[in-house]
1. Inspect all residues belonging to the stretch 155-162 and state whether any of them is surrounded by 20 or more Cβ atoms within 10 Å (Cβ to Cβ), in contact with a Ser or Thr (Cβ under 9 Å, 6 or more places away or on another chain), aliphatic (A, V, I, L, M) and at pLDDT 95 or above.
2. N132 - would you say it is in contact with a strand residue (DSSP E or B) (Cβ under 8 Å, 6 or more places away or on another chain) and modelled with pLDDT under 95?
3. What's the number of the only condition in (1) open to solvent by 10 Å² or more (accessible area, probe 1.4 Å); (2) among the β-branched types (V, I, T); (3) in a loop (DSSP other than H, G, I, E, B) that V175 fails to meet?
4. Of the residues that sit in the stretch 202-215 and are modelled with pLDDT of 95 or more and open to solvent by 30 Å² or more (accessible area, probe 1.4 Å), which one is nearest to G249 (Cα to Cα)?
5. Out of the residues in the stretch 83-102 that are part of a loop (DSSP other than H, G, I, E, B), of a type outside the set (F, W, Y) and more than 15 Å from N263 (Cα to Cα), state the one that is nearest to the chain's Cα centre (by Cα).
6. If you check A233, A199, A194, which single one turns out to be over 21 Å from L262 (Cα atoms) and in a loop (DSSP other than H, G, I, E, B)?
7. Taking the stated definitions as given, is G150 part of a loop (DSSP other than H, G, I, E, B), at pLDDT 95 or above, over 21 Å from H244 (Cα atoms) and in contact with a His (Cβ under 6 Å, 6 or more places away or on another chain)?
8. Those residues that are farther than 16 Å from T272 by Cβ and open to solvent by 20 Å² or more (accessible area, probe 1.4 Å), I need them from the stretch 221-235; list them, please.
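The values are calculated or read from the model by the stated rules, or taken from the named source; none is laboratory data. These numbers were taken from a predicted model, which means no experiment stands behind them. Ideal geometry is used to build each Cβ from the backbone, glycine not excepted, and the neighbour counts take in all protein chains shown. Areas reflect the complete protein model, heavy atoms only, side chains present, ligands, DNA and RNA absent. Shrake-Rupley method; radii C 1.70, N 1.55, O 1.52, S 1.80 Å.
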Amino acid sequence: LTQARTMLGYVSVRTLAGLAVLASMTGSASCFSTSAAIGVRPTLRSSSSSQRAPALSSLRMVAAEPRVMTKLNKNIKTPDPIPEEGIELATELMRSGKLYRYSAADATSCMVSQCEAALANYMDLQYCVALNSCGSAIFMALKCVGAQHGDLVLSNAFTFTAVPSAIVHAGCEPVYVECNDQYLMDPEHLAEMADKTGAKYVVVSHMRGKVADMDAIEEVCQTRGITIVEDCAHSLGVRWNGVHTGHKGVMSCVSSQSYKMLNSGEGGFLLTNDEELAAKMILYA
């Protein structure tokens with residue numbers, strides 16, 4: 001019975017994980033509330049616990065409702081097509097010859113600036129700078145928040161290689177924080193590694209559009225003076241407690257690489273609500 005309960009617990013977690021991946025790949029992530037949807041695996045007490053498990057004689061079988069399975073027919077390596085409006089705008093831009101963002105007369109006529117403003121508005125953040133990749137955004141975010149050569153930066157153990165690469169590129173050293181059984185950053189291990197290393201920066205990656213307990217992570221960081229940078233490469237359109245991801249960190253990084261929610265081939269964005277950090281990222285870019 002204990003084994004059956006354990007298996008059922010893991011099944012529920014992995015099913016929800018699959019839904020998060022599906023939402024991020026099908027464009028429905030804007031309706032996906034991580035804090036409300038992620039299940040918690042039931043805690044099982046042993047027979048030696050003060051609260052013993054119920055006797056077998058007191059248990060009864062209940063028929064479970066059949067699960068509705070959604071099949072994804074699309075190859076996940078196939079990027080979404082560029083909308084006709086985007087193709088027309090790209091053709092218009094090429095005809096003008098103004099491919100360099102500063103060729104435009106002003107911000108209102110600059111297509112890059114228009115894109116930055118639209119993304120900032122969508123994520124409900126004030127400032128946005130377009131870059132060549134999300135990796136560059138992470139690199140620049142660390143520079144903006146003051147990370148120095150040789151500083152330790154906490155980061156997900158389960159993440160994409162571009163994240164620790166960006167940390168190393170910034171002259172820092174990644175310190176890996178383990179994930180829990182839902183493959184999310186474990187706040188308890190974050191606190192343990194923060195206390196052990198004294199690191200003052202953390203890059204939190206929302207892998208596959210799944211968001212860790214950001215309230216707990218924020219509490220760990222606030223009590224230790226740790227600066228949060230959010231890697232939202234996979235979480236465009238995903239909200240935590242009704243608020244778009246990217247608001248727990250002082251800066252957030254977004255990707256528009258082909259397999260992400262936005263497809264520009266390669267590309268990224270760095271966003272913030274902080275005026276001083278905004279000035280730095282504009283000058284650094």
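1. no
2. For N132, the condition - in contact with a strand residue (DSSP E or B) (Cβ under 8 Å, 6 or more places away or on another chain) and modelled with pLDDT under 95 - is met.
3. Among (1) open to solvent by 10 Å² or more (accessible area, probe 1.4 Å); (2) among the β-branched types (V, I, T); (3) in a loop (DSSP other than H, G, I, E, B), the lone unmet condition for V175 is (3).
4. Within the stretch 202-215, the match that is nearest to G249 (Cα to Cα) is D215.
5. L99
6. Result of the check over A233, A199, A194: A199.
7. no
8. Once the filter is applied, which keeps residues that are farther than 16 Å from T272 by Cβ and open to solvent by 20 Å² or more (accessible area, probe 1.4 Å), the stretch 221-235 yields Q222, T223, R224, G225, H234.
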